Amino acid sequence: MKDEKVWRIGVAGLGTVGAGLLQFLAERPDFAPAGAKVVVSGVSARSRSRPRPVDISRIAWFDDAAALAASPDIDLFVELVGGSDGTAKVAVEAALAAGKPVVTANKALLAEHGLELARLAEAKGVPLAFEAAVMGGVPAVKLVREGLAGDDVDSIAGILNGTCNFILSEMEKSGRSFEDVLHEAQRLGYAEADPTMDVGGFDAAHKICLLAALAFGGAPNFAAAEVEGIDQVGLIDIHLAHELGYRIKLIASASRGEGGASVRVQPALVPLDHPLAQAGGSLNALFIEGRRTGRIYLQGPGAGAGPTAAAVAADIADVMAGGRRPVFQRPAADLVPLARADSRAETGKAFIRILVKDRPGVIAGVTEALAKAGVSIDSFLQRPVEDSGLVPIVLTTQPTSEAALRDAVDHIADLEAVVERPRMIRLARILN
Ligand SMILES: NC(=O)c1ccc[n+]([C@@H]2O[C@H](COP(=O)([O-])OP(=O)(O)OC[C@H]3O[C@@H](n4cnc5c(N)ncnc54)[C@H](OP(=O)(O)O)[C@@H]3O)[C@@H](O)[C@H]2O)c1
C-alpha cells in the first residue's frame, strides 16, 4: 500500500530537463501539496558514468528505463528521455500497464501516439500528464484543457519553437544568413546538433497538434498537420517583409475548419506592431481565441531546465493531489483523431517574392498570371537589378483563397523570365 505522505518517483532521462527536475526536487522535496513529500527513488539514462550536475550516487540506477517504469519501488514515473518511439514509448507504456501515473515533457510521443497512450492510461485509471510538452514553463496545456473547458476555442496561433524564433530574430538583427545563425545557435546550445525537428517545423507541429486536440476535443493527429520550416526563409525575405511593415515568424496555428481542423506550422508575416512580432529571441507566445472568453495572450520561456522542470513539477503536484482528468479533453473512448479540414477555401493575404530576368514585359507577365488566378495585388516592391542581371520583386496580395494563391504561384513559376519557384509567405492567420 502506498504511503500518501511520501511519493517515490522514478525519473528516466537526466539531460537538460531531467537534471533540472532533480536539482529542484533536491532543494524543494516538500513543494507539493501540504504534508506530502517527493523522493526520487530511481533514475535511468543512457550513460551511467556521464558526469551530471546533480548527485545521483544515492539513487537506484536502472539501465533499462522500462524496468524503472514498472518497478514496485516507484509510485510515479517521469519520462524525460524524448523521442516519439523507442525507449520513451516503451517505458511510458510499461509504467501505464503497471498502473503508475506518468508525467512527461515529450510532445513527439503524445502528438504521434497520444490516443493509444490515453486509452491505456484511462483503462488503468491513472493520469498521463504533459504540461511541460508545450511552451515549457508557460501553463498552456492547463489553460486550454482546464481553464477554457467552459468555452469553445475557435483558433490558436503563436510561436511555439524558441530555436526558430531565436534564429529569425538574429537574422533580422545581425543581417547574417540562416546557416550562420544556425551554427551560432548550435554553439550556444540553443539548437541541437541535428536541428531538423526544430528548423523543419516538426517540434512546433507536435505542440500545436496537442493544443488543437485539447481545444477541439479530438485526439492529436500529427499526420494531418501541414508543416513547413524556416530553412527556406532568406535574409531578403526578412528585409523585404520589414520594408512592407511585417516581421517573419514561424507560426503554429490551429483553427476549426470545413470538416475538421486546420493545423499548420509555417513561416508567416506578422505586422511589426503586433505582440507576436514583439516576442523576440527564444521566447514563446500564443493567442487563444475563445467564443465567450475572447482573446487570451500568453508569453514566456518555452524551454530551458528551470521553466520546463517547473512545469513537470506542477504535473507531479497535480497527480499527488489526486488530479485525474481525461488525458485530452474527453474520455479516450470518445476520441477520434482530428480530421484535416479542407484549407483550399480559406482566405488570407500573402507575400510573394519572385526572382526574374531583367527584361521588358516581365512585370506585365506576372500581373497577368495573378489576374488569371483571380488574385489582386495590395502592394508591390521592385528592387534594383542585381549583378547577376536578376531583379527581385515582391508583392502582397489582397485577401484571397488558398486555392487561388497556389494557382497564382504555379502560373508565375511557369513564366519563362522567372528563374526560380516564387516564395510565398502568408499573413499570419490569427490576424486576418
Ligand atoms: N530542453 C528543453 O528545454 C525542453 C523543453 C520542453 C520539453 N522538452 C522535452 O523534454 C524531454 C527531454 O529533453 P532534454 O532537453 O532534457 O533532452 P536531453 O538533454 O537530450 O536529455 C535526454 C536524456 O535522455 C537520456 N536518454 C537518451 N536516450 C536514452 C535511452 N535510449 N535510454 C535511456 N535514456 C536515454 C539521455 O541520457 P544520457 O544523459 O546518458 O545521454 C539524457 O539524460 C524531451 O521530450 C523534450 O522534447 C525539453
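The values are calculated or read from the model by the stated rules, or taken from the named source; none is laboratory data. In this text, all values refer to a predicted model and were calculated from it rather than measured experimentally. Neighbour counts run over all protein chains shown; Cβ positions are idealised from the backbone, glycine included. Just the protein is used for accessible areas: all its heavy atoms, side chains included, with ligands, DNA and RNA removed. Shrake-Rupley method; radii C 1.70, N 1.55, O 1.52, S 1.80 Å.
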Just one listed residue, out of A252, A305, is within 16 Å of the ligand (Cβ to nearest atom), on the phi < 0 side of the Ramachandran plot and more than 16 Å from the chain's Cα centre (by Cα), and it is A305
Of those in the range 13-25 that are in contact with a strand residue (DSSP E or B) (Cβ under 9 Å, 6 or more places away or on another chain) and in a loop (DSSP other than H, G, I, E, B), the residue surrounded by the fewest Cβ atoms within 10 Å (Cβ to Cβ) is L14
Looking across the range 44-95 at residues that are among the acidic types (D, E) and over 26 Å from the mean Cα position of the chain (by Cα), the single one that is nearest to G20 (Cα to Cα) is D55
E184 vs (1) in a helix (DSSP H, G or I); (2) farther than 24 Å from R340 by Cα; (3) in contact with a Gly (Cβ under 9 Å, 6 or more places away or on another chain): all pass except (3)
Subset of the range 196-233, residues open to solvent by 20 Å² or more (accessible area, probe 1.4 Å), modelled with pLDDT of 95 or more and in a loop (DSSP other than H, G, I, E, B), comes to N221, E228
Query - Any chance A193 is free of Cβ contacts under 8 Å to residues at least 12 places away in the same chain and not in a helix (DSSP H, G or I) - result: yes
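Let's see how each residue does on (1) within 14 Å of the ligand (Cβ to nearest atom); (2) of a type outside the set (A, V, I, L, M):
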position	(1), (2)
G86	yes, yes
A105	yes, no
E116	no, yes
V138	yes, no
Taking the range 11-25 and keeping residues within 12 Å of the ligand (Cβ to nearest atom) and either out of contact with any helix residue (DSSP H, G or I) (no Cβ under 8 Å at 6 or more places or on another chain) or under 13 Å from I56 (Cα atoms) (or both) leaves V11, A12, G13, L14, G15, G18, A19, G20, L21, L22
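Please verify whether the range 87-107 includes one or more residues that are assigned to a loop (DSSP other than H, G, I, E, B), out of contact with any helix residue (DSSP H, G or I) (no Cβ under 8 Å at 6 or more places or on another chain) and within 29 Å of H206 (Cα to Cα). Write out each step before concluding.
Narrowing the range 87-107 to residues assigned to a loop (DSSP other than H, G, I, E, B): 98-101, 105-106.
Then keep just the ones that are out of contact with any helix residue (DSSP H, G or I) (no Cβ under 8 Å at 6 or more places or on another chain); that gives none.
No - not one qualifying residue is present in the range 87-107.
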Considering the range 266-299, residues that are within 16 Å of the ligand (Cβ to nearest atom) and modelled with pLDDT under 95, and then whichever is surrounded by the fewest Cβ atoms within 10 Å (Cβ to Cβ), we arrive at G281
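Here are V327, V312, V356, V375: which of them is in a helix (DSSP H, G or I), surrounded by 15 or more Cβ atoms within 10 Å (Cβ to Cβ) and not polar (S, T, N, Q)? Outline the logic, then answer.
Values: V327 fails: in a helix (DSSP H, G or I); V356 fails: in a helix (DSSP H, G or I); V375 fails: in a helix (DSSP H, G or I).
Going through V327, V312, V356, V375 in turn, the sole match is V312.
Among the residues that make up the range 26-45, is at least one of them assigned to a loop (DSSP other than H, G, I, E, B), of a type in the set (A, V, I, L, M, F, W, C), within 16 Å of the ligand (Cβ to nearest atom) and surrounded by fewer than 23 Cβ atoms within 10 Å (Cβ to Cβ)? It would help to see each step written out before you state the result.
Of the range 26-45, the ones assigned to a loop (DSSP other than H, G, I, E, B) are 28-36, 45.
Add one more test, that the residue is of a type in the set (A, V, I, L, M, F, W, C), and what stays is 31-32, 34, 36, 45.
With within 16 Å of the ligand (Cβ to nearest atom) added as a condition, the list becomes 45.
Of the ones still in play, those that are also surrounded by fewer than 23 Cβ atoms within 10 Å (Cβ to Cβ) are 45.
Checked against the condition, which is being assigned to a loop (DSSP other than H, G, I, E, B), of a type in the set (A, V, I, L, M, F, W, C), within 16 Å of the ligand (Cβ to nearest atom) and surrounded by fewer than 23 Cβ atoms within 10 Å (Cβ to Cβ), the range 26-45 yields at least one hit.
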All conditions in (1) more than 9 Å from the ligand (Cβ to nearest atom); (2) without any contact (Cβ under 8 Å) to a residue 40 or more places away in the chain; (3) surrounded by 20 or more Cβ atoms within 10 Å (Cβ to Cβ) are true of I74 except (2)
